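The values are calculated or read from the model by the stated rules, or taken from the named source; none is laboratory data. What you see is a predicted model; the values in this text were computed from it and never measured. Neighbour counts are summed over all protein chains in view; Cβ atoms, including those assigned to glycine, are modelled from backbone coordinates with ideal geometry. All accessible areas refer to the heavy atoms of the entire protein, side chains included, with ligands and DNA or RNA removed. Shrake-Rupley method; radii C 1.70, N 1.55, O 1.52, S 1.80 Å.
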Amino acid sequence: GDGEAVVIYSQVQVQRGQAASAIGAWEQWSKSHPNNAGAYAILGTLEESRGNKQKAEDYYKKSLQIQPAQPIAANNLAYMMLENGENVDVALTLAQTARQSMPNSPSSADTLAWAYYHKGTYGFARDLLEDAVKNDPGSATMQYHLGMAYVKMMDKSNAAIHLKKAISLAPDSPAAKDAKAALQGIS
């Protein structure tokens, strides 16, 4: 019944590679605390980390039904929607909600920037991403997103810098694969 204990237990389980145990603990917690939006956001994050995107999306939506401004759920659902080619306007609204609650988070900056990118407002995307990579320079995804903003702004030099950085940070990641394709397109 102690939420802090569930947090600690689930962190240990995830570190041990036992995400299923962490999910079980949060599911049990959620049954006895059905109005805890944060718990559903955590469940969404855990399911997403295991590749269960549909379950993650369902948990994020449940979290937002309980608390419409739940920042983690709003941020992560917005990002999933953008990646799946879903409604960009809804994703943008969710990303703005997340950013308002987490103004210093590189992740919320990245999600909002990616929504702006998909809306075609590349200058806003670039500005947010420049700030995000200053705070989290080791994120291949953010470096890729920044590179893509520069591609759209016809700044090949800066685009190449950030796309190459994305590749060097995580050579086997989806971001690196996409960055390689983008680099070939601007060469």
With +1 at each Lys and Arg Cβ and -1 at each Asp and Glu Cβ, the charge dipole magnitude of segment 1-110 around its Cα centre, to the nearest 20 debye, comes out at 160
Farthest positive-ward along the chain dipole, Cα basis, beta-carbon charges - from P171, Q65, I186
I186
Accessible surface, per residue, of segment 1-93 when the full set of protein chains is kept, probe 1.4 Å, Å²:
53
Give me the extension gain from E27 to S49: residue separation times 0.36 nm, minus the current Cα-Cα distance, reported in nm with one decimal.
6.3 nm
Could you give the angle, 0 to 90 degrees to the nearest 10, between helix 88-101's Cα long axis and the longest principal axis of the Cα atoms of the chain?
70
Using only Cα atoms, figure out Rg for segment 1-47 and give it as a multiple of 2.2 N^0.38 Å.
1.01
How large is the charge dipole for segment 38-90, taken about the Cα centre, if only the Cβ atoms of Lys, Arg (+1) and Asp, Glu (-1) carry charge, to the nearest 20 debye?
200
What figure in square angstrom, to the nearest 10, would you give for the accessible area of Y150 with a 1.4 Å probe?
20
Give me the net charge for the shell around A95: Cβ to Cβ below 14 angstrom, other residues only, Lys and Arg +1, Asp and Glu -1.
-2
In segment 1-150, what percent of the accessible surface is made up of carbon and sulfur (1.4 Å probe, ligands and nucleic acids excluded)?
49
For the chain, give the magnitude of the charge dipole about the Cα centre (Cβ charges: +1 Lys/Arg, -1 Asp/Glu; no others), in debye to the nearest 20.
360
Here are some values of percent of Cα pairs over 31 Å apart: (1) 21; (2) 7; (3) 15. Which one was computed from this structure?
(1)
How much accessible area does I23 have with a 1.4 Å probe, in Å² rounded to the nearest 10?
10
Taking the chain and counting helices only, DSSP H stretches of n ≥ 4 at -39,500 (n - 2.57) each over all residues, the nearest-500 ellipticity at 222 nm comes to -25500 deg cm²/dmol
Can you compute the FRET efficiency between N35 and K152 using 1/(1 + (r/R0)^6), with r the Cβ-Cβ distance and R0 = 35 Å? Round to the nearest 0.05.
0.25
Please name which of V133, N104, M153 has its Cα lying farthest along the dipole of the chain towards the positive end, using unit charges on Cβ (Lys, Arg +1; Asp, Glu -1) and the Cα centre as origin.
M153
With all protein chains in place and a 1.4 Å probe, M102 shows an accessible area in Å² (nearest 10) of 50
Suppose R0 equals 30 Å; then what is the FRET efficiency for V14 and K177 from their Cβ-Cβ distance, rounded to the nearest 0.05?
0.70
Sequence of D155, D178 when ordered by accessible area, the most exposed leading, probe 1.4 angstrom
D178, D155
